[in-house]
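Read-outs throughout are calculated quantities, based only on the coordinates presented, and are distinct from any laboratory measurement. Because the structure is a prediction, the values reported are computed rather than measured. Don't worry about glycine lacking a Cβ; one is built from the backbone with ideal geometry, like all the others, and counts go over all protein chains shown.
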Amino acid sequence: AGDIAKSRSVSFSAQSAAGSAQAGCSVTLIGQLSDCAALPEDLLKKMVKRTGLTAEHLVSRSWVKLEPEHVHVVDRLSATEAWVGTEDFAAAEPNPLAEDLGEVMQKLNVEFRHDLARLAAMLTDTNESETAGSQILSVDPLGFDLA
């Protein structure tokens, strides 16, 4: 924390876990920190849910916000890697399915495994027995990735 107090220039990188549907995907933010007077109510509710900590505990902490000046994205699913404009990054909307993605994919892969194999066979013009292990790798509002 002492270094951050001296220099407000920071970088933050997040990468999807190995073995997850988004394995190899990452985002790196480089920019300046600014102090937060208070956590927005919607963010506070999400943090309580995700961390198990009380709202009182979270609001008693000091918080800072990273104001990105440079954004680098790696998307292994679409085989893209790029520096993204900060305006585009700020305007980006999160996948509305993200919080429930694991549960959604598990349900689809288990309950619809025969349908997925049939779809994969049709798309690849192969026999359904060859696509029996097909699974959905990712789901977003535009569709899903099937392997």
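Tabulated data
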quantity: Reachable lysines from K49, criterion Cα separation under 22 angstrom, eight or more residues apart if same chain; calculated: K65
quantity: Assigned charges on the beta-carbon of Lys, Arg, Asp, Glu; the chain dipole about Cα centre (debye); calculated: 600 debye
quantity: Angle in degrees between helix 41-51 and the longest Cα principal axis of the chain, rounded to the nearest 10; calculated: 70 degrees
quantity: Dipole axis of the chain (+1 Lys, Arg; -1 Asp, Glu on Cβ), positive-most option in S34, N127, V73; calculated: S34
quantity: Magnitude of the charge dipole, region 95-147, Cβ model with Lys/Arg +1 and Asp/Glu -1, debye to 20; calculated: 120 debye
quantity: Order of L44, L146, L123 under a 10 Å beta carbon neighbour criterion, fewest first; calculated: L123, L44, L146
quantity: Cα long-axis angle, helix 113-124 against the chain (0 to 90 degrees, to the nearest 10); calculated: 80 degrees
quantity: Normalised per residue, the volume of the convex hull around the Cα set of the chain (Å³); calculated: 146 Å³
